Amino acid sequence: MNVNEVYEVILDRLNKWNTGSGQKIGKRQFVQAFNKMQVQWFGEVVKYKDRNQEYQEEIQRFLIDHCSSANKDKKTGLFYSIQLPGDYMRWNSVFATATKNQCTHNIYGIPTEGGGIGRILLDAMHNPSFEWQEAPFFLSGDRVRFYSNDDFIVSKITLNYYRYPRVID
């Protein structure tokens, strides 16, 4: 079904399948309403993605893998980062390709609040670990910050995320 067909269906439903009530909605108003509601619908569906397989199948076309070369923070050297894509809506998972002593692993990201990162880096149970293949990450300033605590070298970060629905015209 294309956008013009959807517009006609909406007009038919608005007019109660041509019962003569004669209500109209302009194409411009239809496009604005449609784009607004599809983002609202998608936001609600993503919240419940883990509850139901049907939701997962419905939203899988919005799931994107974004892999990018990581840049090490020049000030602290404690984390690597990548830029969030322009169509980013919500993250699903994050992992990094890391190297230590000529050995390479995927290190899985553990979501963290930015304000608590100092405590986490000091806690031996939650420190970035090459051996346990996990490290904290969080989003800040349109970037994914993936912490290594100088324990390993990150070459790439992969962000698996939900993109915004494409707007219609």
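The values are calculated or read from the model by the stated rules, or taken from the named source; none is laboratory data. No experiment lies behind these values; they were computed from the predicted model shown. FYI the Cβ positions are ideal-geometry reconstructions off the backbone, even for glycines, and counts take in every protein chain you see. For accessibility, only protein heavy atoms count, side chains too; no ligands or nucleic acids. Shrake-Rupley method; radii C 1.70, N 1.55, O 1.52, S 1.80 Å.
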Segment 72-110: number of residues that are part of a strand (DSSP E or B), in contact with an Asp or Glu (Cβ under 7 Å, 6 or more places away or on another chain) and of a type in the set (A, V, I, L, M, F, W, C): 3
Tabulated pairs, segment 125-137, first free of Cβ contacts under 8 Å to residues at least 40 places away in the same chain, second open to solvent by 100 Å² or more (accessible area, probe 1.4 Å), C-beta under 7 angstrom, 6+ apart or interchain: Q133/Y108; E134/Y108; P136/H126
Residue count for segment 62-92, restricted to those that are surrounded by fewer than 14 Cβ atoms within 10 Å (Cβ to Cβ) and among the polar types (S, T, N, Q): 2
In segment 51-61, residue farthest from F137 (Cα to Cα) [restricted to those that are of a type in the set (S, T, N, Q) and open to solvent by 80 Å² or more (accessible area, probe 1.4 Å)]: Q53
Matching residues, segment 103-127, being under 15 Å from V154 (Cβ atoms) and either small (G, A, S) or open to solvent by 50 Å² or more (accessible area, probe 1.4 Å) (or both): C103, T104, H105, N106, Y108, G109, I110
Qualifying residues in segment 132-152 (those that are out of contact with any Lys or Arg (no Cβ under 9 Å at 6 or more places or on another chain) and not in a strand (DSSP E or B)) - the one surrounded by the most Cβ atoms within 10 Å (Cβ to Cβ): N149
Pair list, Cβ under 7 Å, 6 or more apart: segment 53-71 residue acidic (D, E), other residue surrounded by fewer than 16 Cβ atoms within 10 Å (Cβ to Cβ) and assigned to a strand (DSSP E or B): D65/N160
Residues that are in contact (Cβ under 8 Å) with a residue 12 or more places away in the chain and of a type in the set (G, A, S), drawn from segment 102-124: G109, G114
